[in-house]
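The values are calculated or read from the model by the stated rules, or taken from the named source; none is laboratory data. Computed from a predicted structure; not experimentally measured. Surface accessibility is based on the protein's heavy atoms, side chains included, excluding ligands, DNA and RNA. Shrake-Rupley method; radii C 1.70, N 1.55, O 1.52, S 1.80 Å.
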Amino acid sequence: MSQATKVPISLLVPCKNEEANLARCLQSVPWIDEIFVVDSQSTDRTASIAEERGAKVVQFQYKGG
């Protein structure tokens, strides 16, 4: 999909240790202009997978609640 056909919206994907699902999730929305993965200190490849798919990764330390 070309940049011209993308919808000018942002998607926030909160996650932690989602390497098994994240690629499929991000591949399902190629029409979204900007994707942020809000990663809660994953210990797997979640952040790397997000970056490989063009998402911007923001680290967040979830403190419960």
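From the set of residues in region 5-15 that are of a type outside the set (A, V, I, L, M, F, W, C) and modelled with pLDDT of 95 or more, which is farthest from D44 (Cα to Cα)?
P8
Every residue in region 1-56 that is outside any helix (DSSP H, G or I), open to solvent by 90 Å² or more (accessible area, probe 1.4 Å) and charged (D, E, K, R), please.
Within region 1-56, K16, R45, R53, K56 meet the criteria.
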